[in-house]
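For reference, the structure discussed in these notes is given below.
The values are calculated or read from the model by the stated rules, or taken from the named source; none is laboratory data. Model, not experiment: these values are computed from the prediction. All Cβ positions, even for glycine, are placed from backbone atoms using ideal geometry, and neighbour counts span all protein chains on display. The area values use the complete protein model at the heavy-atom level, side chains included, leaving out ligands, DNA and RNA. Shrake-Rupley method; radii C 1.70, N 1.55, O 1.52, S 1.80 Å.
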Amino acid sequence: MDALEQLKQWIDGCSRIVFFGGAGVSTESNIPDFRSTDGLYNQQYDYPPETILSHTFYVRKTEEFYRFYRNKMLFPDAKPNKAHLALAKLEAQGKLKAVITQNIDGLHQAAGSREVLELHGSVHRNYCTRCGKFYSLEDILKTEGVPRCSCGGVIKPDVVLYEEGLDQSILSRSVRHISEADMLIIGGTSLTVYPAAGLIDYYRGDKLVLINKAVTPRDGQASLVISGSIGEVLDAVTA
Ligand SMILES: [Zn+2]
């Protein structure tokens, strides 16, 4: 039996599927991985992305942070792709319990997914650091430079920056979903970024599926490895 047929059969027989996704899920909606470089002749920033997206940098150079953030992290026109839509469909059918994502673009919710655990936060939520007032992505897009609250405070996106801790309640819900899952599908991540590698160790079942364009360090541990586009694969097995 080929891998796609095997995956389809497992999906048919499972009812507590959990999906864990990384940047590769969003790149298929034309959202580039922020770690991808600008190229030698198109260097727009004096610091690497990991530096700009750190808490220290945000505090010290808020204006430069927002220049990068607006250019590299905000894609308001992006639409859910086949992967997002297939996962929403599986949840609606009662087969999938949760999507755990490292992405911050909100595309799973846009596709109709309800139980979405955003490990790294979301560009759709922004809060005044002085009074706590909420601002949407649309509110941020209407501003330029460093966005300010009506009270004068700086507005910060609800995105987990380097040096900042993950939300403990999101983490514990993720652990619970993974430990109760009858199938764990992992897609679009190299599994080298914290906390992905550690989280999947909570899975106790025998249907660990990896869908990726490149090999990952966990391929040997998987029950099924499918090399290919996450959107194409999930679309094919949920059609
Ligand atoms: Zn305020």
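Structure summary
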quantity: Carbon/sulfur fraction of accessible area - the stretch 1-109, other protein chains in place, 1.4 Å, %; calculated: 50
quantity: Peptide ranges 114-127, 173-186 listed from the most packed, as the mean C-beta count within 10 angstrom indicates; calculated: 173-186, 114-127
quantity: 5 angstrom amide H check on Arg218, placed H, neighbours 5+ away; calculated: none
quantity: Extension gain (nm, one decimal) between Ser150 and Glu180, 0.36 nm per residue minus Cα-Cα; calculated: 6.4 nm
quantity: Average projection area in nm² (convex hull over Cα atoms of the stretch 198-239, one quarter of hull surface); calculated: 3.4
quantity: Solvent-accessible area per residue for the chain (1.4 angstrom probe, square angstrom); calculated: 49
quantity: Links that overshoot a 27 Å alpha carbon limit, given the list Lys82/Lys142; Lys89/Lys213; Lys61/Lys133; Lys79/Lys156; calculated: Lys82/Lys142
quantity: All Cα pairs of the chain, percent lying beyond 25 Å; calculated: 43
quantity: P(r) weight above 19 Å for the stretch 1-137, C-alpha pairs, percent; calculated: 59
quantity: Diffusion constant of the stretch 112-163 at 4 °C, which comes from Stokes-Einstein with the Kirkwood Cα-pair radius and 1.567 mPa s, µm²/s; calculated: 109
quantity: Descending semi-axes in whole angstrom, ellipsoid equivalent of the stretch 85-217, from the Cα gyration tensor; calculated: 31, 16, 14
quantity: Equivalent ellipsoid, the stretch 141-217 (semi-axes from 5 times Cα gyration tensor eigenvalues, Å); calculated: 35, 16, 11
quantity: Positive dipole terminus of the stretch 114-155, leading residue within Leu137, Gly153, Gly121 (C-beta point charges); calculated: Gly153
quantity: Amide H within-cut-off set for Leu96, under 5 Å, with H built and near neighbours excluded; calculated: Ile17, Glu91
